[in-house]
Amino acid sequence: MIEAKNVCKSFGKLKVLNDVSFKSSAGQCIALIGPNGCGKTTFIKSILGMVVSDSGSIYILGKDIAGGWEYRDVIGYMPQVGRYPENMKIGQVIEMLTDIRQSETTTDDDLINAFGLKQLYNKRMGTLSGGTMQKVSASIAFLFQPQILILDEPTAGLDPVASEVLKEKVLAEKEKGKLILITSHILSELDELVSHILYMQDGSILLYKTLSDIKEETGETKLSRAIAHFMTNKK
Amino acid sequence: MKKIIPISLFFLFCHYLASGSGLRVGKQQMLKTITEGLFRAKDKDTIWVEKGIYNEQNLTINKQVVLIGIGRPVLDGEHKFQNVSVKADNVTIYGFEIRNSGISSIVDFAGIKIYDSHHVTIVNNILVDCFFGIYLQNCTNCIIRNNTMTAHQLQEQQSGNGVHCWKGDSIQVIGNKISGHRDGIYFEFVTNSIIWRNISVKNIRYGLHFMFSNSDTYAANIFENNGAGVSVMFSNKVKMFHNYFIENWGDGSYGILLKEISDSYIDGNYFERNTSGIFMEGVSRVKMCNNNFKENGWGLKIQSSCMDIALTNNNFLGNTFDVGTSGSLVLNTFDNNYWDKYEGYDLDKNKIGDVPYRPVSMFSMVVEKNPPAMMLFRSLITTLLDRSERVIPSLTPESLKDNYPLMKPIKL
Amino acid sequence: MTKIVKYILLDILKNKIVLGYTLFLFAITFSVFSLEDNTQKGMLSLLNLILFIVPLVCIIFSTIYIYNSSEFIELLVSQPIKRKSIWLSIFVGLASALSLAFTVGAGIPVLIYEPSATGMTMMLMGLLISIIFVAIAMLAAVSTRDKAKGIGFSILLWIYFSLLFDGLVLFLLFQFADYPLEKAMIVISGLNPIDLGRILILLKMDVSALMGYTGAVFKSFYGTEMGLIISIFVMFLWAAIPLLFSLKKFNRKDL
């Protein structure tokens, strides 16, 4: 569903994405991991079209995204740090997005209900705590039942209960055959969710394999161990 | 009382001897036309003309008669003739309507033209659509009073002057209303004369056009909305008192244009809403007092060819530019006037500002040197330049200033 | 797109600064008309206001607004919406909000005191200048990521248009004083929307008589129907060109 071909991007002299190519299909749940500043977020943003890549191309559902915007209809995006108009209320943001997108499918209010956001609808975005903001972001990402979900550090700042709720939701969506792309630093929580691992470093993909393959190769049962093993071997 | 009656009778008798007899002209009378009447009249006769339209085809008056219209008879020139030619002294024309004179580029047709005569009096006539209105050629001691002259031509060539005096002395032009002519009143080589209480509006060129005419006075006239205002040139000993120069607005239009004038007085006049209130060039020895310059583009434009002009006790109110000048040489004084743009102070409370006022703005100097700079008229930069110039004068002439500016306007 | 415009417009109108701007214009215009003894003078004061305050408020407010709504822009960009519609919506929202503020603030007093052709020209120029400076602000804001730099840049642009440009013109005029520059001035006046607006208003106020030969040349050009159409077209270009450039930049911008 997502395919990247030789994507390059640099901010000034700094090369953030260096010839990134990768392909994924429906039903996969991919963990995008790597050290800080390795280009994960930039890569995600280029998929979303928020960052325009210097060269190479990205295809979503087989279509080049360059200059397009309709493709974003099939993507639900949860940013690392949600930034919303400060003087809008939660309810207004959700209402506005629903209004602007006007999707034919019914909205998926599961997360809104699970997080109990309806009670907070009158709170202004500027006054929200980081966790609540994340809840809003998550709810919005799932709201329009997208085929592709991109979650940037979804559990950072969420309390354990909310984390669990979100994980349940991700699993449920994965069962429905959706493509899910997650970045996270907490490898332990990815164990139960992901089917593939995409490891990036310095703007390049070092590793893209299924979770079971990795575990097999390294002989480890835990993801964190397996990755650590992998890394030490590399060096 | 008893003595008075015989004395009065005596005077009446004298009067009878002195004056001629009366003749009556009218459609119901024996004398059907004024020409016939004139033929029958003697000097000092009075001809009474009854109501009606008379096509006299250039009525020529060559006897010393008094012509009185009853019920405003009409002398029609049929757009071909000069209506009346006066070629005798002591003629009076009273109470006629004179209309439709001929228009020509060769002959100066007029409603009434007076040739080489003295003591001619033209009173209370209405002149409509005449080429020239009343034309005095080499005349003295004539009175032109309370006449109304209206013309409707649009082009200068198609129109003559309202009152036109060429060469003369002791002429009185009083209380006339003139509009739509080329020049309202035109004086050339006329001396010792007075122009008083006339209203000259909406003429094509000048409200008053005045050349080579010395020792004349014009007072209490209204010159409003004329094509180019008023022009007074090449004359000396001219007195201009209490006239109104209003709304002479347009390119090259002035309240009054003074050129080569000397030894004159300009006192108590009002200059309102003119492009330039006064434009003077080559003017010397002129006293200007008690004038009001209000809401003109330029209150006063004074070229550096002017000298010995004393400007005192005048009000400058709401003019875009108070004074404009062309060069740095200033031989005139500007003291003791009121300038509404003055921002100085009066610490000693003597009603005179303690710092001099410079009525010439930097921008007006810039424009004088470089006319296209007018593009920046009323822009921020010109305002700033003017401000800085007030503090440190550099471009404006150092000596052009009012050393004793008044704090309050003069009551006029 | 109309929906986004609606949300932006609602957001701006809720902003107290726009309300303050409206009240400020209203108070100033009213006092200008009621303090001066004739409306002609009031119009002249109003002219300075329009050419000075309106561009300043429009450019600074718009720049700050764009920086402050970066979150909103980011949120919208991740949605299935064309970048072009987002950017144009912001422009339309800002331009119509500020135009509305101007129309209400200055328009009502003008309608009451001076409902003449001059008054209408002044309103039209005020509106055009509002729109133009919103467009210029958008270009300034999209050019740099740093908010302080962006605001500084827009203030510089304002100083350029309201002061420096005229200074340059004055300098050039004196450099080329020996040449007849009246006709060239027509072209040059088109290079600055504030100058163009000022000249058009002044000509309508019939101060052209004061402006001598230059005024006559201006009048012979701007006074004709063709000249008026051309000058209004130039004003539109002044809004369209910065807007198009900013749009081009925004389309390539990384958020």
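A short reminder: the numbers here are calculations on the coordinates, not readings from a lab. Quantities reported herein were computed from a predicted structural model and do not represent experimental measurements. Here the Cβ is made from the backbone with ideal geometry for all residues, glycine too, and neighbour counts use every protein chain on show.
Hey, how many Å between the Cα centroid of region A:164-194 and the Cα centroid of region B:215-252?
Centre-to-centre (Cα) distance: 96 Å.
Between A:E95 and A:N18, 0.36 nm times their residue separation minus their Cα-Cα distance comes to what?
Additional length available on full extension: 23.8 nm.
Shielding by partners for B:376-388, please: the mean number of other protein chain Cβ atoms within 10 Å of each residue's Cβ.
Other-chain Cβ atoms within 10 Å of each residue's Cβ, averaged: 6.
According to the square roots a ≥ b ≥ c of the eigenvalues of the Cα gyration tensor, what is the shape class of region B:148-190, taking rounded for a/c under 1.5, prolate for a/b larger than b/c otherwise, and oblate for the remainder?
oblate
Of the beta bridges DSSP finds with both residues in region A:85-235, what % are antiparallel, to the nearest 5?
60
Starting from the Cα of A:L61, step 7 Å along the direction of its Cβ; do the same at A:T221; then give the gap between the two resulting points in nm.
4.2
Pick out, from C:F165, C:T144, C:M123, the residue whose Cα sits farthest towards the positive end of the charge dipole of region C:2-251, with +1 on the Cβ of Lys and Arg and -1 on the Cβ of Asp and Glu.
Result: C:T144, furthest along the dipole toward the positive end.
Farthest toward the dipole's positive end in chain A, which of A:G82, A:L111, A:A172, given Cβ charges of +1 (Lys, Arg) and -1 (Asp, Glu) about the Cα centre?
A:G82
What is the distance, in nm, between label points placed 7 Å from the Cα along the Cα-to-Cβ direction at C:Y179 and at B:N62?
Taking the simple label geometry, C:Y179 and B:N62 are separated by 6.9 nm.
Can you tell me the FRET efficiency between B:M407 and B:I70 if r is taken as the Cβ-Cβ distance and R0 is 56 Å, rounded to the nearest 0.05?
For B:M407 and B:I70, the calculated efficiency is 0.40.
With a cut-off of at most 11 other beta carbons within 10 Å, and DSSP calling the residue loop, which chymotrypsin sites (Phe, Trp or Tyr not before Pro) in region B:320-412 qualify? Please list them.
In loop regions of region B:320-412 (DSSP not H, G, I, E or B), the sparsely surrounded chymotrypsin sites (Phe, Trp or Tyr not before Pro) are B:Y345.
So if R0 is 35 Å, what FRET efficiency would A:K5 and A:V161 give, r being the distance between their Cβ atoms, rounded to the nearest 0.05?
0.30
Rounded if a/c is under 1.5, else prolate if a/b beats b/c, else oblate: with a ≥ b ≥ c from the C-alpha gyration tensor eigenvalues square-rooted, which is region B:70-142?
Oblate.
What nm value, rounded to one decimal, do you get for the distance between A:Y208 and B:Q153 when each label is placed 7 Å out toward the C-beta?
9.6
Taking region A:48-94, which trypsin sites (Lys or Arg not before Pro) meet the DSSP loop condition and have no more than 13 other C-beta atoms within 10 Å?
none
Considering every residue in C:165-178, what mean count of other chain Cβ atoms within 10 Å of its Cβ is obtained?
So the per-residue partner count for this stretch is 4.
Which percent, to the nearest 5, of DSSP beta bridges fully inside chain B are antiparallel?
Working: 2 of 135 bridges.
Antiparallel bridges make up about 0 percent of those DSSP assigns within chain B.
If r is the Cβ-Cβ distance from C:K14 to B:Q172 and R0 is 56 Å, what FRET efficiency results, to the nearest 0.05?
Working: r = 77 Å, r/R0 = 1.37.
About 0.15, to the nearest 0.05.
Name the shape class, rounded, prolate or oblate, that the alpha-carbon gyration tensor gives for the protein assembly as shown, where a ≥ b ≥ c are the square roots of its eigenvalues, rounded holds for a/c under 1.5, and otherwise prolate holds if a/b is larger than b/c and oblate otherwise.
Prolate is the answer for the protein assembly as shown, as a/c is 1.5 or above and a/b outweighs b/c.
Counting only GluC sites (Glu not before Pro) that sit in a DSSP loop (anything but H, G, I, E, B) with at most 14 other Cβ atoms within 10 Å, what is the longest stretch of chain A containing none of them?
A:105-191
Please rank B:V286, B:V330, fewest neighbouring Cβ atoms within 10 Å first, as an exposure proxy.
The order, fewest Cβ neighbours first, is B:V330, B:V286.
At what distance in angstrom do the alpha carbon centres of region C:37-77 and region A:83-103 lie from each other?
Cα centres, region C:37-77 to region A:83-103: 28 Å.
Would you tell me the mean number of C-beta atoms belonging to other protein chains that fall within 10 Å of each C-beta in C:80-91, as a whole number?
The shielding value for this peptide is 3.
Dipole magnitude of the protein assembly as shown about its Cα centre, charges +1 at Lys/Arg Cβ and -1 at Asp/Glu Cβ only, in debye to the nearest 20?
760
Once amide H atoms are placed 1.01 Å from N in the peptide plane, what residues at a sequence separation of 5 or more from B:A151, or on another chain, have their amide H within under 5 Å of its amide H?
The list, which skips near neighbours in sequence, is B:D129, B:S179, B:G180, B:H181.
Considering the zone a paramagnetic label at A:N233 would reach in this model (a point 7 Å from Cα along the Cα-to-Cβ line), which residues of region A:1-44 have amide N under 20 Å from it?
A:31-35
Could you state the number of Å between the C-alpha centres of region A:7-51 and region B:301-321?
After rounding, the separation between the Cα centres reads 79 Å.
HN-Hα J couplings of region A:137-153 from phi, Karplus 6.51/-1.76/1.60, θ = phi - 60°, integer Hz, Gly and Pro as x?
4, 4, 4, 5, 4, 8, 4, 9, 6, x, 7, 10, 10, 10, 10, 9, 6
Between C:M122, C:M235, C:M211, find the one with the highest GNM mean-square fluctuation for chain C; connect C-alpha pairs within less than 10 Å.
Residue with maximal mean-square fluctuation among C:M122, C:M235, C:M211: C:M211.
Quick check: the angle from helix B:380-391's long axis to the longest principal axis of chain B, C-alpha only, nearest 10 degrees?
Value to nearest ten degrees: 80.
Once the cut-off is 20 Å, how many percent of the Cα-Cα pairs in region C:1-72 end up in the long-distance tail?
That fraction is 44 percent.
Determine, for each peptide in B:61-67, B:203-209, the mean count of other beta carbons within 10 angstrom over its residues, then list the peptides with the highest first. Mind dumping the intermediate values first?
Working: B:61-67: 20.7, B:203-209: 26.1.
Packing proxy ranking, top to bottom: B:203-209, B:61-67.
Which percent, to the nearest 5, of DSSP beta bridges fully inside region B:256-412 are antiparallel? Spell out each step's value before the answer.
Values: 2 of 36 bridges.
Antiparallel: roughly 5 percent of the beta bridges in region B:256-412.
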